[in-house]
Every structure is written in structure tokens, then in C-alpha cells.
Amino acid sequence: MNVPFVRTLGEVRPPIFGVAGTHVMRFLKFLSEHGLSDLYRPAGTELGAGFSAVGWSRVTGKASLCLLTPGPGFLIGAAAIHEAAQKGTPVIFLVGDIPKEHREGRGKSLHELLPQGDIARLLTGAYFRVTSPRDGDSILRKCLEFATRVPRRPAVLEVPVDILTPYAGEEGSVDFHHNEPPPDEDRTGEALRLLKESRSPAVLAGYGCFTPPVSGLVEKLCGSLEAPLFTTVSGKGIVSEEREWVSVLTPSVAKGVLEEADLLIVLGSVLSYSSTFNRSIRLPEKVVVVSAGGEEISYPGREVLRVRVTVERFIEQVLGEKIEKSSSIREKLSENRKRLEERARESFPREMEYVSVLERAVPEGDLLFTDPTILSYWMRYFFRVRTPGSYHYPWGTNSLGFAVPGLRGAITAKPGKRGTVVTGDGNLPYSLQEINLAARENIPATIIVINDGGYGVLRDWRGWKGASPLGVDLPPLPLEAFCRDAGVEYNRATSPEELSAALSGRGRGGTRIVEVFDRLRPPWSVL
């Protein structure tokens, strides 16, 4: 007798992050019976399972699985599905469903969510459903092929609980057609022509350049063109930020640089509102956007040439043409970046000192996962990432509770690595069970919690205009007591100096927490 998915899982052996529940217990039983228990990594919540899978796939570029129960479990995990879709992270979200016969009978059933498939389509555009045990392996293979083919993306695979049964004979086949636009050679040629004619090109790289082969090519391209490199927040750390000609895109650093550039090559980015500061940044007259995705891209007042080809293939073609430039706008970027850092230190010395403490304390090569919190907002623009691919932030969704499970998933993929998390007390309720699991697994991670008594960035929201802030203060969580009960080392700090002292004695042990009691200001006014 065969079992749905077991053969494919045994061959591919992807990690499976999940939460046990009524509608997935048969799946877990099959894993146990067929020697695949080692693939399963339990999480504290569906949100944690999803973000762990995202973290694993981010650092490997390979597909992982996230197991979700239907209805509320699916909805709780939907934030992770959304983040994976925004970034093109190849996670297969295997979602249980009510029995097939219940859905066909139009009756109410436990965990029933009738529009679950419609929501999955809206989130990912990639929804699959198994309707026969024989088709389980075939459809899972199609999902894996879909998710890992460039452009990478997540997929949702829905499995009614009564389909998870043994069956006789070989699995059937399923027709699957996904039409991607073929590489546009004419537009590639036009982009190469524009690049050859330009005097001072600049490069903007996004998350589509994050995988190691592509990130190395980006640095080679910028070297050949002597071009300054801007990155989106999603692309931060594609190239080591110890290079003075690299910076996250901000208005003050871009000013003058992009005005003097006569061509902008955009790699693996869609020029989103968030990455371009609501499109307030003035781009060169001519813009070439290189991305394998099918979306249309425009920018107000600019001529955009959209080239549908992989970033890797495009850069290799440019390097093959041996296009070389000599321009001074690299130096302009370096000057602007230094001035921005000086202005930030003059206006926000305490906040910038926290950034400096972390730059000194986080060892080169450590994985760094951050949540939306005021210190991480400063880190987005001022922390210098030394090791390409080590910095991770949920810029696609800005979702709370990403960092701890994301790091846990990443270290699962990279055993022997250490990790650092920067999170806040507003994020903490989403992560307590994941911290507990990390401690039990002895994951070598330092978790820095900035405790400002609530959602500090919303407390400082300019739109209050004298009104009393509502809903932004939170009661304190007994984190020290939690750590004591969970066997997690706990430290506290109230200043950059105390944080530095707490981090200086970090050994190679397991999970530990440093809670920092301080109220910081956001960086918006200096960018």
C-alpha cells in the first residue's frame, strides 16, 4: 500500500515545520510509520511554523514545507504565506481541509472555512488541491517544481483529511501548466544598448538578488561598471556594506547620485512604494528593470524598460559584453552616506550608539533576524552588514513575530551557525512559545528585546497632533520569570553601554535573552 506524499518526501527530504491538529494527524502518523519523523519540526503556533519555514528557505534557496490545520490555523499562518509571497520564498504550505464528503455535502464541519482556497489564490496565485490519494505525490512534485523555478514563490496545497489514506498501486498523474513569459531577447538587447550608451549608470538591487550566486554577480557587475549600488531594505546585505559604494536606498543618499546618473539598472526589484519612499526619489530619465516575474512595472515620469529574464542570465550577458565604465558618482554615494551617518549621530546619538554596539557585538557570519521595532528601523539604514546574505527583515509585510521563528528555521538549515535576534516587546507575545522551543533545542541565539512599554513607533506617530495616543501602551510581560522557568539565560540593560557589557561575555552556548529598557526615537527625520 502507498501513502500520499511519502515517496516524494522520502526522496526530496524537505524540513516540515508545523503544528499538530485534528486534520493533519494522519499525515504525522504516516511520517512516523515510514521513518520520516526527523523531517518534522514542531512549532509553537502556525505563525511560528510559517516563519520558521520562511527562514529555512531564505538561507538555502530551497523549498521547505509548512503544515497548517484548516480554518483558524490557516488564517493564523496566513501572515507567513503573505510574507513568502511578497519575497518569492519557496515554501509549500500544506493545509489540511475538512473531509471531502463534508464539503460536497454542504454541511458545517469542524474548522470549516469555505473560501480557504480563494484566500490562498489571492495570497499566492498558486493554489493546488488533492482530490485523490493517488494524486498526492504527483501534485506535491508539481508544487515543488513550481516553487523552486525562477521566479521562486510559495504555493498552497490543500488536502482534505479523508484523502490522507493508503492506496493500492502507483499514483496517478496530474496535468499542470504554468505559462511564464519566455525571456524577451529583444528587450535584453535594448537594455544592453542603453547600458553601452550610458556614461554614468547606477544599480539598484532587491530581494531577487539575494541568493549567493546572484549576489556575487551583482558585485562583479558594479565593479565592471564602476557603478554605485543601492539596495532596497529587502536586498540589504546582498553585497557587504563595508564597501563604501553600497547603501540602502534613502532620499538623502540618493540625492545627487541618481540625478547625475543617466541610467538606473534595477535588478530583482519592482520599484515598490515602500522601497522608493512612496516614489519620492527622483530616478534617472532611463530605467531598466530586470526581473523574471510577470508583473508590469512603471515609475511616474520615467521611461521604464521591463526585461523579463533572470537577473543571473542578464548580468552574465553584460559581463560577456565586457562593458566597462568610469564615473565619479560612486564617490558621491560614499560622501552622502558619510554625511547621513554624521547627521544621524549628531541628532540621535543614543540610537546610533545602539547600532554601533550591535555592529561590534554581532560576530561576522552570524545570522541576524530582526522584527519591526524602533532599533531595527535604525539598523535597516545604518547597520553595516558584513557577510552577504546574513541579514533578514520582513520588509514585504512588516509582520510582527517574524524574527525568532525565522532564525530558528534558518539555524535548522545551517547547523553550527549562531544567530542574533532584535525584536521588541510588542513582538514578544507572538514569539514566547518559539523562544521556549529554541531553548529546548539549545539553539545558539541571542535575543535582544527592546522594551519601551508598547508600540513605541506608534506612540511617536506624527498624526496624533496633540491627541492622546490610544492603544499603543502595553502592560509589562514577566520576561525574566519566563526565562527562569524556561531555562533561558536572562540579562537586562538600560543603555547602550549596559547592552555592550551584556553582549561582551557571549559564549557559544544556547539561547539567551537581553531585555533592554529604553525608549528610542525613530529615524524618519534624518533619512
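The values are calculated or read from the model by the stated rules, or taken from the named source; none is laboratory data. These figures come from a predicted structure and were not determined experimentally. Note: ideal-geometry Cβ built from the backbone for every residue, glycine included; neighbour counts use all protein chains shown. In case anyone asks, the SASA skips ligands and DNA or RNA and just uses the protein heavy atoms, side chains included. Shrake-Rupley method; radii C 1.70, N 1.55, O 1.52, S 1.80 Å.
Just a few scattered comments:
- When restricted to residues that are outside any loop (DSSP other than H, G, I, E, B) and farther than 20 Å from S525 by Cβ, segment 461-475 contains 1.
- Boolean, S32 is small (G, A, S), in a helix (DSSP H, G or I), out of contact with any helix residue (DSSP H, G or I) (no Cβ under 7 Å at 6 or more places or on another chain) and open to solvent by 20 Å² or more (accessible area, probe 1.4 Å): yes
- Filtered residue count, segment 296-348, keeping only those that are under 26 Å from Y381 (Cβ atoms) and aromatic (F, W, Y): 2
- Taken over segment 248-295, residues that are open to solvent by 10 Å² or more (accessible area, probe 1.4 Å), within 21 Å of R339 (Cβ to Cβ) and either touching a Cys at 6+ places or on another chain (Cβ under 8 Å) or of a type in the set (S, T, Y) (or both) amount to 2.
- Complete set of residues in segment 334-357 that are crowded, with 22+ Cβ neighbours inside 10 Å and touching a strand residue (DSSP E or B) at 6+ places or on another chain (Cβ under 9 Å): R337, Y354
- Residue, surrounded by the fewest Cβ atoms within 10 Å (Cβ to Cβ), within segment 409-423, restricted to residues that are touching a Phe, Trp or Tyr at 6+ places or on another chain (Cβ under 9 Å) and of a type in the set (G, A, S): A413
- Of all the listed residues (G406, G426), the sole one being open to solvent by less than 10 Å² (accessible area, probe 1.4 Å), in a loop (DSSP other than H, G, I, E, B), of a type in the set (G, A, S) and touching a Gly at 6+ places or on another chain (Cβ under 8 Å) is G426.
- Residue in segment 72-79 that is touching a residue at least 60 places away in the same chain (Cβ under 8 Å) and either part of a strand (DSSP E or B) or open to solvent by 10 Å² or more (accessible area, probe 1.4 Å) (or both) present: yes
- Segment 448-468 residues that are among the aromatic types (F, W, Y), paired with ones that are open to solvent by less than 20 Å² (accessible area, probe 1.4 Å) (beta carbon under 6 Å, 6 or more apart): Y455/G426; Y455/V472
- Applying the criterion of at least 2 residues that are over 29 Å from P523 (Cβ atoms) to the strands (runs of 3 or more DSSP E) found wholly in segment 246-334 leaves 286-290, 303-307.
- Residues of segment 35-60 satisfying the condition of being in a loop (DSSP other than H, G, I, E, B), open to solvent by 20 Å² or more (accessible area, probe 1.4 Å) and at negative phi: G44, T45
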